[in-house]
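For reference, the structure discussed in these notes is given below.
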Amino acid sequence: MVPVRDALKQAIDEEMERDEKVFILGEEVAQYDGAYKVTRGLWKKYGDKRVVDTPITEIGFAGIAVGAAFAGLRPICEFMTFNFAMQAIDHIINSAAKTFYMSAGAVPVPIVFRGPNGAAAGVAAQHSQCFAAWYSSVPGLKVLMPYSSEDAKGLLKAAIRDPDPVVFLEDEIVYGVPFPMSDEAMSPDFVLPIGKAKVERAGDHITIVCAGKATHTALDAANELAGKGIECEVINLRSIRPLDFQTIAQSIAKTHHLITLEQGWPQSGVGAEICARVMESPSFFELDAPVWRVTGADVPMPYTRSLETLALPQRGDVVAAVAAVLGNRISEASVSQ
Amino acid sequence: MSKLIPSVGKLLGGVTTTTKVAPIAVITNAKYSTKNEATFETKPYKLHKLEKGPATSATLTSEDALSMYEKLAVIRRIETASGNLYKEKSVRGFCHLYSGQEAVAVGMHSAMRDIDSLITAYRCHGWTYLMGVSVLGVLSELTGRRTGCSRGKGGSMHLYAKNFYGGNGIVGAQVPLGAGIAFAHKYRNDGGVCFALYGDGAANQGQIFEAYNMAKLWNLPCIFVCENNGYGMGTSVERSSASTDYYSRGDYIPGLWVDGMDVVTTREATRFAIDYCTSGKGPLVIEMETYRYSGHSMSDPGTSYRTRDEVQAVRQTRDPITSFKEKILSNGLATADQLKEIDTKIRKEVDEATKIAKSEPEVGPEELAGDIYYKNLEPFIRGVHPNSPLQHIETAARN
């Protein structure tokens, strides 16, 4: 069993060893061993040149990281959390995502922006936002969201090797969670493909599409529902952009029912995008009931425990949504929204 | 990119202020005659936390002089053509002209080595030409044609060349990017420096100060160059900046004020800066005081916030081309006939490029989805509705 944090470190360590051009910079990545200890030990191993502590100046160091990528290095730019990356979003989008296109392919930007994203525990509104929908709307970016330790390692290695800018959305709450890792996944050659979802659990009755920590909630709900004779197919997207719609469509063709699950806000969210793609495609005709989104509530994240719980989708919410969609008990609630 | 740097020993002989000299990247030939050289006093510098400044005199060979004159004149001509193309609606969107500021770029470029890099903002046509793109490559990018250096996908603000990272449209963003390019020079230990250019308007952006801080902390070989042309759009420096001494605004970073209208002075300042930076002392801030004749962009007549008399006075007394022309003629480095010949050649070249820039086709619709990704993983790129998928294509070479 390997915690996600260690899987991420393995990925960075192996890729730094593999390619001299790879380096990591960010707040507290070196001497402090990482604000969340993802980079523990790397400074001792690689030194100041390749593990670079920055001042608390996101737009400045993100710009420096992108400039280094313009010039052919392969930076890993760590944000202490993606909430702080809003200060640097101009460089992620205007400098990193668009330059290859604007230069007609003259200036590649091989960079990874990574760090914890979404809600942690008890840190209130400014520190609890999911940016999956924001970044995944931008052509030129690739956006990954790992769930398990294998996801974390295989996807981060793929991101570091990828020649395009990649936004890599982690989850603080999952950092300490141990997952089994296969021998294959422990190998330095283990890389997962970008743009392929993983069917975490097969089922015939309803499809639940999710990513990141929400995958845990989905699997939890699926276990509970299995006890009631309802078999859910749980699709862990892994990659938000490119979005593996083919895997979703295949599942819909089997289950004829779909729920999307994410921790981010509902409006213009990842679930909204999936619904739109279903509406626009033959998958629409496969559905026996409307699709439901299960999302974070449409409120800024409250601090206090009881309200925070209500703001995020819980196992019970997924179970209730599955029951509603399968039972076609959807009309009134939907219309009144 | 030819470098016409005369014998450096000769150039700096007797100058006590500079002890080290930047290596010369390319010595094209030795055919210039030592008879044909002249020594000029540079314009006075102002120093911030520097004990010594750049050389106070500089020697120019006839070949230097002609080459610099030609570059100054080409840039002026490109901008005149750009302005005309804009007025006849062949250029879309924005168009920011560099006329009046040519001595900054030409002097700097004359001192740069092949290993050095540069990044600037959107007033970038002249720099793109100096960094190796043809006049046609520049002008047809402005007209959005396939012969444009970005195949018409970037437009006037997004031009690139080897070691030239644009052409950036977000005010100030190019400065940390430039520090990052300098970071790469240091990381590779290749001896190169990066010049990060910005205007007096961008000088107040917060990210400039973040870049200063990290560049100094990490001793990056980054030369921050503030081109102070007096106005950020229509806001004069006095109205935008609590301190207009831009060369001192790096505080702990030494700085240098330079008369940006004198091409010999900007060359010496740049030589000094490269020497300073490559000796491991870290970054330097240079303020080049200059002037733009046109408005901020073509949509700005440039007359509401300054007087026509002010523009005229600069043209008559400080014009970077006229003053350099007079200087090299009176010193006998060039003859009127030689310069006329250059002028004629340039006019012909730019006129021809202008014509082609209007007649070449635009790239085909298949390039709408070209080079979004270096390695595309989308099965198709969505067009404007579900039944109009686009195929991602690669127009640039992949490794």
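Every read-out reported here was derived from the displayed coordinates using simple, explicitly stated rules and does not represent laboratory data. Just so you know, these numbers come straight off a predicted model, no measurement behind them. FYI the Cβ positions are ideal-geometry reconstructions off the backbone, even for glycines, and counts take in every protein chain you see.
Extending each Cα 7 Å along its Cβ direction at B:Glu51 and B:Glu394, get the distance between those two points in nm, one decimal. Between B:Glu51 and B:Glu394, the simple spin-label model gives 5.4 nm. Size check on chain B: the Cα extents along the three principal axes, sorted descending, read 73, 51, 47 Å. Legend: mean number of C-beta atoms from other chains within 10 angstrom of residue C-beta atoms, peptide B:111-119, equals 1. Farthest towards the positive end of the charge dipole of chain B, among the residues B:Gly83, B:Leu197, B:Gly370, is the Cα of B:Gly370, using unit charges on the Cβ of Lys, Arg, Asp and Glu.
Mean residue ellipticity at 222 nm, helices only, chain B: -11500 deg cm²/dmol; runs of at least 4 DSSP H residues each add -39,500 (n - 2.57), and the sum is divided by the number of residues.
Multiplying the sequence separation of A:Ala320 and A:Met279 by 0.36 nm and subtracting their Cα-Cα distance, what value in nm do you get?
Values: separation 41, 0.36 × 41 = 14.76 nm, distance 2.32 nm.
Full-extension gain reported as 12.4 nm.
If packing is taken as the average number of other Cβ atoms within 10 Å across a peptide's residues, how do A:149-161, B:225-237, B:337-349, A:221-233 rank, most packed first? Present the calculation step by step, with values, prior to reporting the outcome.
On the way: A:149-161: 25.6, B:225-237: 20.8, B:337-349: 13.8, A:221-233: 17.4.
Highest-to-lowest ranking by the protection proxy: A:149-161, B:225-237, A:221-233, B:337-349.
Applying the Karplus relation 6.51 cos²θ - 1.76 cosθ + 1.60 with θ = phi - 60° to the range A:28-44 yields 3J(HN,Hα) values of 6, 6, 9, 5, 7, 6, x, 4, 10, 6, 5, 9, 3, x, 5, 4, 5 Hz, where x marks Gly and Pro.
Give, in nm to one decimal, the length gained when the segment between B:Ser240 and B:Asn84 is fully stretched (0.36 nm per residue of separation minus the Cα-Cα distance). Intermediate results must be reported in sequence, preceding the final value.
Values: separation 156, 0.36 × 156 = 56.16 nm, distance 3.10 nm.
Fully extending the segment from B:Ser240 to B:Asn84 adds 53.1 nm.
Structural descriptor for the range B:200-296: relative contact order 40 percent, calculated from alpha carbon pairs under 8 angstrom and at least 6 residues apart. How far is it, in nm, from the label point at A:Asp298 to the one at A:Ala202 when both lie 7 Å from their Cα along the line to the Cβ? Between A:Asp298 and A:Ala202, the label points sit 3.9 nm apart. Distance between the 7 Å Cα→Cβ label points at B:Asp351 and A:Ala253: 6.6 nm.
Dipole magnitude for chain A: about 280 debye, using +1 per Lys or Arg Cβ and -1 per Asp or Glu Cβ, origin at the Cα centre.
Do any trypsin sites (Lys or Arg not before Pro) in the range A:45-98 lie in a DSSP loop with no more than 14 other beta carbon atoms within 10 Å, and if so, which?
On the way: sites: A:Lys45, A:Lys49, A:Arg50, A:Lys98; in loops: A:Lys49, A:Arg50.
Qualifying residues, ordered by number: A:Lys49.
Taking the three principal axes of the alpha carbon atoms in the range A:198-327, the coordinate ranges are 43, 33, 25 Å, sorted in descending order.
Using the beta-carbon distance between B:Asp114 and B:Asp300 and R0 = 51 Å, what value does 1/(1 + (r/R0)^6) give for FRET efficiency, to the nearest 0.05?
Numbers: r = 37 Å, r/R0 = 0.72.
It comes out at approximately 0.90.
Across peptide B:154-162, the average count of Cβ atoms from other chains found within 10 Å of a residue's Cβ is 3.
Note on the range A:256-319: Rg/Rh from Cα positions, Kirkwood definition for Rh, rounded to two decimals, is 1.06.
With springs only between Cα atoms under 10 Å, which of B:Gly383, B:Gly107, B:Gly83 fluctuates most in a Gaussian network model of chain B? With Cα springs under 10 Å in chain B, the top fluctuation among B:Gly383, B:Gly107, B:Gly83 is at B:Gly383.
Between A:Leu310 and A:Lys228, what FRET efficiency comes out of the Förster formula 1/(1 + (r/R0)^6) with R0 = 25 Å and r the beta carbon distance, rounded to 0.05? Result of the calculation: an efficiency of 0.55.
For the range A:2-186, rounded, prolate or oblate, judged on the Cα gyration tensor with a ≥ b ≥ c (square roots of eigenvalues), a/c < 1.5 rounded, else prolate if a/b > b/c? It is rounded, given that a/c, with a ≥ b ≥ c, falls under 1.5.
Between A:Ala323, A:Asn223, A:Ile76, the Cα set farthest toward the positive side of the dipole of chain A (charges on each charged residue's Cβ, about the Cα centre) is that of A:Ile76. In this structure, the amide hydrogen of B:Ser57, modeled 1.01 Å from its nitrogen in the peptide plane, lies closer than 5 angstrom to those of B:Thr42, counting only residues at least 5 positions away or on a different chain. With a 10 Å cut-off around each Cβ of B:380-391, the average count of Cβ atoms from other chains is 1.
Remark: relative contact order (chain B) = 20 percent; criterion is Cα-Cα distance under 8 angstrom and separation of 6 or more residues. What is the calculated FRET efficiency for B:Tyr252 to A:Arg18, with r their C-beta to C-beta distance and R₀ = 45 Å, to the nearest 0.05? That pair, B:Tyr252 with A:Arg18, gives E of 0.75. Taking only alpha carbon atoms, the protein assembly as shown gives an Rg to Rh ratio of 1.04, where Rh is the Kirkwood radius. Each listed q (0.08, 0.09, 0.11 Å⁻¹) maps to a log10 I(q)/I(0) for chain A, found by the Debye formula over equal Cα scatterers with no solvent: -0.37, -0.47, -0.69.
If you average the sequence gap of Cα pairs under 8 Å that are 6 or more apart and divide by the length of the range A:198-327, what percent do you get for the contact order?
Working: 233 pairs, mean separation 36.0, N = 130.
Result for the range A:198-327 is 28 percent.
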